[in-house]
Amino acid sequence: MSITESVLSAIRSVYSHKMRSMLTMLGIIIGIGSVITIMAVGDGVQTTIFDEMDGIERRTIQIASQSTAELTMADADAIMMLDGVDGITILDEIWGFELERRDGRVRNGSISGIDANYNLIEQVDIQIGRFIDHVDVENHLRVAVISPQTAFETFGFLNVVGEQIELTSWRGTESFTVIGVIDGDYDPGGMDAMMAAMMTPVSRALAVIPITTYNDIIGNDQDAVSFIAAAVSVHADIVETARIISALLDIRHDTEDGFMVMSTGEMFDIIDVITTAVTAFVAFVAGISLFVGGVGVMNIMLVTVKERTREIGIRKSLGATERSIKAQFMLEAVTLTAIGGGIGIVLGFVASEIAVAFISALMDAEVNASISATNIAIAFFASTVIGVIFGVYPAGKAAKLNPIEALRYE
């Protein structure tokens, strides 16, 4: 029997037992569909994240304490003296403040104190008003920049420049004049808010105020800060500069790896690794159903061999070799899984579009399914390999049947 005849025979065998074949393929269909969906959604979300982060300056180094040692203004001055550092900005953040919303409910959060260089290095976009400048910092002015969320929850509208905002803590109530609103929509759960909050505390704060005013309010006599960002010259090696900053801070505070010193590029790499690893792990878990589907294929092929024992005996008595018998049943197994893989790929296309539509609505950001030709080829190849692996034993068993005993089989 030629390969073409074997393939046609395999297709006829699958078609003649439609319900049994469909149930057998179900595990393969679900497995391939799940893997395609997860990879498409994972790649789509990753692409969306990097598109959102694309405008972020990558030649900055983020510095924060990861021990009991505190960063100070003096540390910022020391870092500024290093070769390759073009600029420094600082930020301190404290939680425990309450904002009374216009609906009467209270929102808990933080305030952030920043210097006048913050917007130059971290590049915060303002949609209404202005950002904090040198005059605000030098004169300890009680001014604040707020997010669109704070503006809408407090006043009910966006253009709130000149309005007074009051924040309450155990220290009492502090009043600030709003001078600006950070760029963005009223979207506390959306992608823009998620990305900004991950990169900096500014967007999540109830209010951003001058660092000098901040120190006056909380009584920060030591000039401690939570965060330092350093702008690195285009001529400097950012990785080497980060290493030098880390060593400098450890010497100044007598610590060992006491500070997190990370370039923005490293943050991108970490996010890439995390999203890729999560997608791969979930795809692996979904791929377990492929193994279950493979076992189902092997089981049904053993039943098929049993049903066609007499046919195998007749073919052997007419001169069919073990190799041709084995090839026929292997092709049937591969045909079964290949058809299941094809259906699974189509199902994956549909499911991924539904999934990204749901995620887009949930995150209020446009997420598109990313289905590459490579992923499709891998999925189809995987389904074919499963047919080969789980078809070997039934095909071998069929090939080794004794023709005389097979002819006697009823």
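Could the peptides 36-47, 126-137 be put in order, highest first, of the mean number of other beta-carbon atoms found within 10 Å of their residues? Walk me through the intermediate numbers first.
Details: 36-47: 22.9, 126-137: 16.6.
By packing density, highest mean first, the sequence is 36-47, 126-137.
Report the gain in length on full extension from residue 101 to residue 237: 0.36 nm times residue separation, minus Cα-Cα distance, nm rounded to one decimal.
Details: separation 136, 0.36 × 136 = 48.96 nm, distance 4.70 nm.
Result for the pair: 44.3 nm of gain on full extension.
Let me check against my output: what whole-number percent is the relative contact order of the range 228-313, with C-alpha pairs under 8 Å and at least 6 apart? Intermediate results must be reported in sequence, preceding the final value.
On the way: 20 pairs, mean separation 13.3, N = 86.
Contact order relative to length: 15 percent.
How large is the convex hull of the Cα atoms of the chain per residue, expressed in Å³ as a whole number? Could you put the intermediate results ahead of the total?
Numbers: hull volume 82.1 nm³, N = 410.
Taking the convex hull of the Cα positions in the chain, it is 200 Å³ per residue.
Sticking with the crude label model, points 7 Å out along Cα→Cβ, report the distance from residue 393 to residue 378 in nm, one decimal please.
Calculated label separation equals 2.8 nm.
Helix by helix through the chain, keep the DSSP H runs that span 18 Å or more along the axis on Cα and average at least 0.0 on Kyte-Doolittle, and give those back in order.
3-16, 18-52, 238-253, 264-307, 322-363, 373-399
Set the Förster distance to 45 Å, then compute FRET efficiency between residue 138 and residue 274 from the Cβ-Cβ distance, nearest 0.05.
Working from the Cβ atoms, E equals 0.65.
Here is the link list: 316/400; 18/397; 306/326. Which ones come out longer than 21 Å on Cα distance? If you can, show how the numbers build up before the last one.
Numbers: 316/400 10 Å; 18/397 24 Å; 306/326 14 Å.
Check vs 21 Å cut-off fails for 18/397.
For 302, 99, what ranking results if the residue with the fewest other Cβ atoms within 10 Å of its Cβ goes first? List each step's numbers first, then the result.
Details: 302 14, 99 20.
Listed from fewest to most nearby Cβ atoms, that is 302, 99.
For residue 4 and residue 281, compute 0.36 nm times the residue count separating them, minus their Cα-Cα distance, and round to one decimal in nm. Don't skip to the end; give the middle numbers.
Details: separation 277, 0.36 × 277 = 99.72 nm, distance 3.91 nm.
Extra length available between residue 4 and residue 281 comes to 95.8 nm.
Using 0.36 nm times the number of residues separating residue 327 and residue 306, minus their current alpha carbon distance, what extension gain do you get?
Working: separation 21, 0.36 × 21 = 7.56 nm, distance 1.67 nm.
Here the segment from residue 327 to residue 306 would lengthen by 5.9 nm.
Could you please rank 362, 318, 8, 331, placing first whichever residue has the fewest other Cβ atoms within 10 Å of its Cβ?
Ordered from fewest to most neighbouring Cβ atoms within 10 Å, 362, 318, 8, 331 come out as 318, 362, 8, 331.
Taking the number of other C-beta atoms within 10 Å as the exposure measure, put 166, 174 in order starting with the fewest.
On the way: 166 13, 174 19.
By the 10 Å Cβ count, ascending, the order reads 166, 174.
Per residue of the chain, what 222 nm ellipticity follows from adding -39500 (n - 2.57) for every DSSP H run with n ≥ 4, rounded to the nearest 500?
-19500 deg cm²/dmol
Values quoted throughout were computed directly from the atomic coordinates according to the rules given, and no laboratory measurement underlies them. Predicted model only: the values in this text are computed from it and were never measured. Quick reminder, even Gly has a Cβ in these numbers, built from the backbone with ideal geometry, and neighbours come from all protein chains shown.
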